[in-house]
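Trainee: Before I ask anything, here is the structure I am working with.
Read-outs: derived from the displayed coordinates by stated rules, not from any lab. It should be emphasised that the depicted structure is a prediction, and the values quoted were computed from it without experimental measurement. Cβ coordinates were reconstructed from backbone atoms using ideal geometry, including for glycine residues, and neighbour counts include every protein chain displayed.
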Amino acid sequence: MSSGEIFIVVFLTAIVMVSGALIIAWLLAPRSTNAQKGEPYECGIPTRGTSWMQFKVGYYLFAILFLMFDVETVLLFPWAVIMKSLGGAGLLCVLFFLLILVLGLAYAWKKGALEWK
């Protein structure tokens, strides 16, 4: 089999399996019609006023910084496993990667994204 045929087989298998799982879940899922089911959940307390409110941008910045360092950790573990086989070029690439992350952290720190106000 060529790589194109393998790709088509894997792609079609994925489509069939996902579609089958969705159809089975739709057929077996319990159904109940209730007016309260459509209401937003607020810990049992009815909402006062509008439920729409804006959040400070600082929360999003903090979350993005967390994700940035989470991704860094995920990328550094495989690198640490094969570090000896990469040699000096691998070390320089990872140091450059870390430099970019440290510069991003310094910028966020300077802008005050790490402070809760």
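Trainee: Length gain on complete extension for the stretch Cys93 to Lys37, per 0.36 nm per residue less the alpha carbon to alpha carbon distance?
Mentor: The span from Cys93 to Lys37 would gain 14.9 nm if fully extended.
Trainee: Project the alpha carbons of the chain onto their principal axes and report the range along each, largest first, in whole Å.
Mentor: So the three principal-axis extents are 64, 60, 21 Å.
Trainee: Picking from Val94, Val71, Val16, which is most flexible by a Gaussian network model of the chain using Cα springs under 10 Å?
Mentor: Its mean-square fluctuation being the largest, the pick is Val16.
Trainee: Determine the calculated [θ] at 222 nm for the chain from helices alone, applying -39500 (n - 2.57) to every DSSP H run no shorter than 4 residues and normalising by the residue count; nearest 500 deg cm²/dmol.
Mentor: Helix contribution divided over all residues of the chain: -24500 deg cm²/dmol.
Trainee: What's the FRET efficiency of Val57 with Lys110 using the Cβ-Cβ distance as r and R₀ = 22 Å, to the nearest 0.05?
Mentor: Calculated value: 0.85.
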